Each structure stands twice: as C-alpha cells, then as structure tokens.
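Heads up, the thing below is written out as structure tokens.
The values are calculated or read from the model by the stated rules, or taken from the named source; none is laboratory data. Just so you know, these numbers come straight off a predicted model, no measurement behind them. Don't worry about glycine lacking a Cβ; one is built from the backbone with ideal geometry, like all the others, and counts go over all protein chains shown. Protein only, heavy atoms only, side chains kept; ligands, DNA and RNA dropped before computing areas. Shrake-Rupley method; radii C 1.70, N 1.55, O 1.52, S 1.80 Å.
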Amino acid sequence: MKKISRRSFLAAAGVSAATLALTACGGSGNSTAASSAAASTAPAGDAAAAASDPKVTLVYAEVNPLDTIVGQTGSHFKEKVEELTGGSVVIDVQASGVLGSENDVLDAILGGSTSIDISRISAFALTSYGCNKSKLLSIPFTFENRAHFWNFANSELAPEFLNEPQELGLPVRGIFYGEEGFRHFFTVKPVSGIADFKGLKLRVSNDPVMNGMVEGLGANPTVVSFGELYSALQTGVVDGAEQPIANYKSNAFPEVANNLILDGHTLGAVQAVITDNAWNKLTENQQAAVMEAAADTQAFNADLSETAENKVLDELKSSGCNVVDVPDKTPWQEACAKVISENTSDQAELYQKLLDMKA
C-alpha cells in the first residue's frame, strides 16, 4: 500500500467514535504493581493456555540498536511473550532503524501497511496524528525525576494516555510505557552553559515542542532525520542535537560531537503500540499473554534504565567525553517558558495533574 502522510491520514480518517481499548496500566520498578495494573485491563483469556493456539509472528520495529535501553526492553518483551505463549507468538525484533524512522513506521502502519505489527515509539510521537494528550509528555521540564514519571506511568491516568489513539479511531493501541533516561544536548564544539547555544544549528525532528524549545534557547532548529544525524554532525549541517545518554553513545555520536551537557530538558518517555490488525490475529489467550508480558516489560524497563544510564555516563567520562553538569536549571526552564505555556494552555487541568504527581 502506498504510504500516506500524517496530514493526509488525519484528513481521510477524521475522528471516529471511541472504540474499546485495552492497555497495560503503567508500571514502576515494582513488578508486583505492574502485574496488578495489567491484570485490571488484560483480556479475559488464559495466558498459560496460549501454547496450543495457532502460531503467529509479529514484527517489532525499533529505531535504536539492541544494546540501548530501548533495544534491551524490546528484547525482553520478545522473550516474555514467547515464554508466556509457549512459542505460539513469536516477536521478530527489527532494530537499528532497518524498518525506518519512528515517523516512517507510524506513517506506514497508520496508512494500512501490515508489514509491521508493533513499534516502540517516543511517547509523544503520535502527537502528529492528533494525540494531544501525548504531547504533554514531551513538554520540557515536566518530570522532575524518574520517580515522577513512574508515578504517572503507574497511575490511573496512564491508560487514558495510552488509549488516546483508539479514541481517535487510529488503528493502534498502547500496551506499555517505558523510559530511556533524560534527554540532553550534545554539540560538536564545547559548550559551558545556555549562553553558548545562541546561533547554533540544533537537529530537530520537526516536532513543534522541540522547535519551540530550541528557539527559546536562542538556537536554530534544523530538521534532519535520525538516520542522517551522524553525517550531519560530521559535515557541519548541524552543530548539535539531543538524545538520551545511552542512545548518544550507542549511535557513536561522541565520535563527531564529543560534548555532552546534562540539561535534562525532557524525560525520554516511550511506549510500545500494537496495530489493530496484529491484535486481531491473536486469540484471547494470546492477547492475555501479550499484556502480561507488557506489564513485565514495563517493570523491567523501570529497573534497567537508571542503572544502565549511569554505567554509560561513567564510560563516556572515562573515554574523554566532555561532560558538563548543569547544577541550576532555572535559566533553562525560563528559556522554555513560552513553549511550555503555548503547548499546555489548552489542556491546563490535565497538565497540572501530571505536575502534581511529582515524587
């Protein structure tokens, strides 16, 4: 099927009546809490009985390498699904962006492609397709720390966010949350603070929130696809970009931009979505097993992320990366005040609920 753009898709699809959505209810480092949350939303099937069901293979798209936090999260999900279904459901993880960028993948599956069944995406990636609640998860300096995010992800509010695509009639549904650490800027030339960002060309993926944040810092947002970012840094097309620490290292960005400033502007919240087409291939027992695996994976991610990130940061410092701490984030928050206000005013009450979940 021909791939359609996000704008074309939304124009064609419109907004339909809300459909029955089924999601995992968030998680934390406490696997019992995650399992309990999933139990409240899982289908009335028997995960243990799934072994005798017809075999199904589902393709899972991941833009980052398998050794990243999100790559390991995808591998864990694969292992748990196959374990819980006795092999009747096989997850084929296609990592390192071989199936395209997040936007490429979402354009394809929302346009009707059946070649990809599950995708790990940034939690706010569906904003471009009309999911405005998801946008709130990308607002700079929303989450004070990891505990703040996991308070949200393990709350009764989390399914409301995961269910939003179904409410809009989009043919995907969220199944679990995760995170890959706070996102930080990295640059080709050394920077020591916010003042050094004035005039820099910083890579963005053309997200309105990201564009506004970069402009607030006095820099110039420059659209570059993730797959072309390394060469863009190498050739001077851009002067810097931003990523979670683990992704920064795994994608070899220190080779071309060896300056990392720990501003922590947003938490790298992620989620996994499964297409309706793939969901409907599964028996009730297999669906139950997938949701049980999703809850387990969410807890796995919560346990993994901080430990893995700290290990990578130590490795970067040891290898000679110029890592700059930001003890006072007040100037950064003030620089982002406009983009925060512009992108939360229409959902002020919901956004305040997020803020109030701080640890």
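Quick notes on this one:
- Selection status of residue 179, acidic (Asp, Glu) and under 29 Å from residue 249 (Cβ atoms): yes
- Of the set (1) without any contact (Cβ under 8 Å) to a residue 40 or more places away in the chain; (2) within 15 Å of residue 270 (Cβ to Cβ), all apply to residue 78 but (2).
- Candidate set from segment 301-359 (those that are hydroxyl-bearing (Ser, Thr, Tyr), modelled with pLDDT of 95 or more and over 29 Å from residue 208 (Cβ atoms)); member that is most open to solvent (accessible area, probe 1.4 Å): 318
- Subset of segment 264-280 [among the hydrophobic types (A, V, I, L, M, F, W, C), in a helix (DSSP H, G or I) and either open to solvent by 10 Å² or more (accessible area, probe 1.4 Å) or closer than 14 Å to residue 309 by Cβ (or both)]: 279
- Residues in segment 99-124 that are open to solvent by less than 20 Å² (accessible area, probe 1.4 Å), assigned to a loop (DSSP other than H, G, I, E, B) and under 16 Å from residue 271 (Cβ atoms): 116, 117, 123.
- Residue in segment 226-241 that is of a type in the set (Ser, Thr, Tyr) and either in contact with a Lys or Arg (Cβ under 9 Å, 6 or more places away or on another chain) or on the phi > 0 side of the Ramachandran plot (or both) present: no
- Flag for residue 96 being among the polar types (S, T, N, Q) and in a loop (DSSP other than H, G, I, E, B): yes
Every residue, every condition in (1) of a type in the set (Ser, Thr, Tyr); (2) touching a residue at least 60 places away in the same chain (Cβ under 8 Å), yes or no:
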{"residue": "194", "(1), (2)": "no, yes"}
{"residue": "200", "(1), (2)": "no, no"}
{"residue": "206", "(1), (2)": "no, no"}
{"residue": "210", "(1), (2)": "no, yes"}
{"residue": "219", "(1), (2)": "no, no"}
{"residue": "222", "(1), (2)": "yes, no"}
{"residue": "231", "(1), (2)": "yes, no"}
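- Any hit, segment 38-54, residues being modelled with pLDDT of 95 or more and assigned to a strand (DSSP E or B): no
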